[in-house]
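The values are calculated or read from the model by the stated rules, or taken from the named source; none is laboratory data. Computed from a prediction, not measured in an experiment: that's the story for all the values here. Cβ atoms come from the backbone with ideal geometry, glycine included; neighbour counts cover every protein chain shown. Accessible surface areas use protein heavy atoms only, side chains included; no ligands, DNA or RNA. Shrake-Rupley method; radii C 1.70, N 1.55, O 1.52, S 1.80 Å.
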Amino acid sequence: MVTPLLGLVGKTNVGKSAFFAAATLVEVPSENRPFVTIEPHVGVAYLRKRCVHPELGLEKCDPMDGFCLKGWRFIPVKLVDVAGLVPGASEGRGLGTQFLDAVRRADALLIVVDASGSTDAEGNPVPPGTHDPREDVRILLKEFSGWMFNQITKDWKSFAMRVDTSGERPEEALFQRLSGFSVKREQIIKALEELNPPSKLSKWSEDDLRKFIEKLVELRPKVIVANKVDVEGAEKGVELLKEEFPYPVIPTSAVAELILRKAAKAGLIEYIPGDSDFKELKQLDHKQKKVLDVIRKKVLEKWGSTGVVQALNEAVFNQLDMVVVYPVHDAHKFTDTEGRVLPEARLVPRGTTVKEFAASIHTDLAKGFLYAIDAKTGRKLGADHLVEDNMILKIVSAKR
Ligand SMILES: Nc1nc2c(ncn2[C@@H]2O[C@H](COP(=O)(O)OP(=O)(O)OP(=O)(O)O)[C@@H](O)[C@H]2O)c(=O)[nH]1
Ligand SMILES: [Mg+2]
């Protein structure tokens, strides 16, 4: 995993495409009716993190990917927006499950729900507060595991026989078999430990397999994006979601973020994505002022932010537990071979060794690996040293 992929999933008409548009500023259709999105869209969204350049006393940095605003480094991740889901999708209802194919490789799921309760189970508009948003998360998890179960059962019998007779370790065979679903070894081991199914795969009942898949879906990194919090009464929905699920719930207004970013792009306001306020730069007309005042009052002052950047950050930094490391060529000037200052902020899982980090840049760097230099301290680091968040590293290699 180099650039993590985050998948926007959820019921139809809850604001997945609005979230996608806000986070990527890529125009995608978003309307108040079910099934607006049909084909998946992939775009680049940005995490927000304090850049290391101010602490080094540097005026600025020169990101090649992403950007840096007022000391905040914006680090790219991939985001995929897909069609919405309705109950029964895993059995082919609505648009069925084809689109789940687009998210099965996602490293983390952003489950978007309408916290204001103004869309029914089928995605039709209803008065706010009339639909329980918890139902949508339950259905999503059920349909997702139902679909995964259908994929896995296809030739399960012959697979199970082969593993049992070959003497292969079940967890390893399952890991290979589930490789297309972005399932981690640790998750398989944990699921097996917790459920304790028969050690021979061919002895598993259908129920064993179903429970195993459900557990994997439960263990998959995820964030609940409690969207439409600008709507009156959404607090109740947010509370209910927090009560029921052990996953982080981020109150979000995708539409507010989209408006703020567009206004900032048009030069009307200064707004750094993820901020808790904005500054007017120009005289706004009556309508613009009214819209922005509503956002300030009903979203920023009430919830602290629009939640879009916070949801992305939560998924990558907390759920995927990734850290940021800056590779450089010159450990004194913190530059690459072209003289660019801190050109790259690379995301790697916590627990990555310095040599694995080198390999994530280029296999040759790892093959000829000699040592690394921690550019902040000048310390020499060996291959097995673990990278730390915000480290600046120069890799010294006999190759390249
Ligand atoms: N009030 C409010 N409305 C929102 C918000 N986000 C999205 N909407 C509205 O909700 C409706 C659905 O938004 P979409 O982004 O098309 O929803 P979707 O989940 O992509 O829907 P499908 O592609 O049809 O599955 C649109 O009318 C949006 O303007 C929000 O944060 N607040
Ligand atoms: Mg959509």
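Annotations
- When Gly66 is tested against (1) of a type outside the set (A, V, I, L, M); (2) under 24 Å from Ala256 (Cβ atoms); (3) within 16 Å of ligand 2 (Cβ to nearest atom), only condition (3) is not met.
- Search result, residues across the range 20-47 that are within 12 Å of the chain's Cα centre (by Cα), touching a residue at least 60 places away in the same chain (Cβ under 8 Å) and more than 8 Å from ligand 2 (Cβ to nearest atom): Ala23, Ala45, Tyr46, Leu47
- None of Glu301, Glu314 is open to solvent by 70 Å² or more (accessible area, probe 1.4 Å), out of contact with any Ser or Thr (no Cβ under 7 Å at 6 or more places or on another chain) and assigned to a helix (DSSP H, G or I) except Glu301.
- Filtering Gly117, Gly94 for residues that are at pLDDT 95 or above and part of a loop (DSSP other than H, G, I, E, B) leaves a single hit, Gly117.
- Condition check for Leu240: in the same structural domain as Thr24 (by TED's automatic domain parsing), over 22 Å from Tyr46 (Cβ atoms) and of a type in the set (A, V, I, L, M, F, W, C): yes
- Selection within the range 1-46 - among the aromatic types (Phe, Trp, Tyr) and either outside the structural domain of Ile75 (by TED's automatic domain parsing) or within 6 Å of ligand 1 (Cβ to nearest atom) (or both): Phe35
- From the options Gly43, Gly57, residue that is open to solvent by 30 Å² or more (accessible area, probe 1.4 Å) and small (Gly, Ala, Ser): Gly57
- For the range 68-98, filtering for residues that are within 13 Å of ligand 1 (Cβ to nearest atom), open to solvent by less than 30 Å² (accessible area, probe 1.4 Å) and in contact (Cβ under 8 Å) with a residue 60 or more places away in the chain leaves 8.
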